[in-house]
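Worksheet for the structure shown next.
The values are calculated or read from the model by the stated rules, or taken from the named source; none is laboratory data. Just so we're clear, the structure is a prediction, and the values are computed from it rather than from any experiment. Cβ sites come from the backbone with ideal geometry, for glycine too, and all protein chains shown count toward neighbours.
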Amino acid sequence: MTITETSVRAAYQAARDRFAAGGIDVDAALARLDGVPISMHCWQGDDVRGFETAAGELTGGIQVTGNHPGRAATPGQLRADLDLAMSLIPGPKRLNLHAIYLEADRPVGRDEIEPVHFRNWVDWARARGIGLDFNPTCFSHPLSADNRTLSHPDAGIRRFWIDHCKASRRVSESFGRALGTPSVMNIWIPDGSKDLPADRFSPRLRLRDALDEILATPIDKAFHKDAVEGKLFGIGAEAYTVGSNEFYLAYAAARGTMLCLDAGHFHPTEVVSDKLSAVLALVDEVLLHVSRPMRWDSDHVVLFDDETQAIASEIVRGDVTDRVAIGLDYFDASINRIAAWVIGTRNMRKALLKALLEPRAALRAAEAAGDFATRLALFEEHKSGPWTAVWDHYCLSRGVPVGGRWLDVVKAYEAKILSEREAA
């Protein structure tokens, strides 16, 4: 059955009336939804290769599996793919860049990157009215080959990575100044040990001191925000991770940085949704890397699953949309990469919409009264509520395809553009 604009509008009106009967203002919910940007990750489009002149093998426990045709091999191709993906996703968006996505006509050391090397990205973002976020790239480099960077015992190697992060902060600040929206710069390092270390203290003290030096120069938060990201373990760091969540939680609370919580960086029995209220009681702002781990930090495409919905619900229930920066972090080369972007980003926005349509006032009243049966009933009834009709209306009113129509656009692009790249 063909989806028509008339049927979408009729279903939306019925859903709007039903939500209104429960005290929920759908128009207000959509307005709030339009105030929450999602930062898309550039590295899904090219399998985390970047554009350094001498691109090396992925290291630091990062693996991209699959060889689907059409990987972006140039900045122009990557931006074209992003343009298509963004045109199929409703709501405000940002782009998250890694330092290896610079553009230069000569090799540039990572400790020498400058804003000029990202000028084309800024021009592209300005033309589209979106913001940029940034990350130093502390992996896939000869000086990170032994899974040690900011905690390295060699002062010279440590200096290189400190200088890289300092240079990255200047690049990030330039994004904020040029685009009028603060760039969130996230520091993640692969440092750790494959087997049990004899000394767990010294690397963490070196990391603390390195971070302190990196962040020593104040930058106006109107232009740039610092975040630090922990991890439970990684390939080559199975026994010991220097930058654990405990380390960075303490650091963020003590130093006033953002804490990055990656959905794939914890034990399988832990969930980020439960950590948000705990962290935000002590830390001003949080950066989310929404991902989907499968048995380990394997960075699968984000689904509309229980945890994605729970993360969105916690953000909305806590009224912390202004304190949580939402970004995506996954890389799947086994399927069409543009489809991976669209599926994951649309799912995150769907989760936010569903959370915004939840009967929060009634839920809180039932909980305050100790009426837990009503609370449970409200939770369960909302699961089958007509929120999908609101989603279809949202897509239609924001000029993007309703339902699965976006896939036809991606398939046509694959046949015309991506297949030609493979042939070349």
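Points worth noting:
- Residues of the stretch 360-382 satisfying the condition of being more than 19 Å from ALA20 (Cβ to Cβ), hydrophobic (A, V, I, L, M, F, W, C) and part of a helix (DSSP H, G or I): ALA366, ALA368, PHE372, ALA373, LEU376, ALA377, PHE379
- Filter pass, VAL409 being in contact with a Cys (Cβ under 6 Å, 6 or more places away or on another chain), surrounded by fewer than 20 Cβ atoms within 10 Å (Cβ to Cβ) and touching a residue at least 40 places away in the same chain (Cβ under 8 Å): no
- The residue list ILE62, ILE100 contains one member that is out of contact with any Lys or Arg (no Cβ under 7 Å at 6 or more places or on another chain) and in a loop (DSSP other than H, G, I, E, B), which is ILE62.
- Qualifying residue in the stretch 32-55 (condition: over 18 Å from the mean Cα position of the chain (by Cα) and part of a helix (DSSP H, G or I)): yes
So that you can scan it fast, the table gives a plain yes or no per residue for (1) crowded, with 22+ Cβ neighbours inside 10 Å; (2) among the aliphatic types (A, V, I, L, M):
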{"position": "ASP81", "(1), (2)": "yes, no"}
{"position": "ILE89", "(1), (2)": "yes, yes"}
{"position": "LEU95", "(1), (2)": "yes, yes"}
{"position": "ILE100", "(1), (2)": "yes, yes"}
{"position": "ASP105", "(1), (2)": "no, no"}
{"position": "VAL108", "(1), (2)": "no, yes"}
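- Index of the failed condition, ASP105 passing every other in (1) under 23 Å from TYR240 (Cβ atoms); (2) out of contact with any helix residue (DSSP H, G or I) (no Cβ under 8 Å at 6 or more places or on another chain); (3) free of Cβ contacts under 8 Å to residues at least 40 places away in the same chain: (1)
- The criterion of being in contact with a helix residue (DSSP H, G or I) (Cβ under 8 Å, 6 or more places away or on another chain), modelled with pLDDT of 95 or more and assigned to a loop (DSSP other than H, G, I, E, B) holds for PHE304.
- Looking only at the stretch 16-29, residues that are under 27 Å from the mean Cα position of the chain (by Cα) and within 18 Å of LYS383 (Cα to Cα) come to 2 in all.
- Single match in ASN347, ASN336 (criterion: in contact (Cβ under 8 Å) with a residue 60 or more places away in the chain and of a type outside the set (Asp, Glu)): ASN336
- For the stretch 1-28, residues that are assigned to a loop (DSSP other than H, G, I, E, B) and either in contact with a Ser or Thr (Cβ under 9 Å, 6 or more places away or on another chain) or free of Cβ contacts under 8 Å to residues at least 24 places away in the same chain (or both) total 4.
- Residue list for the stretch 338-388, filter: among the charged types (D, E, K, R) and either touching a Phe, Trp or Tyr at 6+ places or on another chain (Cβ under 7 Å) or buried (at least 17 other Cβ atoms within 10 Å of the Cβ) (or both): ARG346, ARG349, LYS350, LYS354, GLU358, ARG360, ARG375
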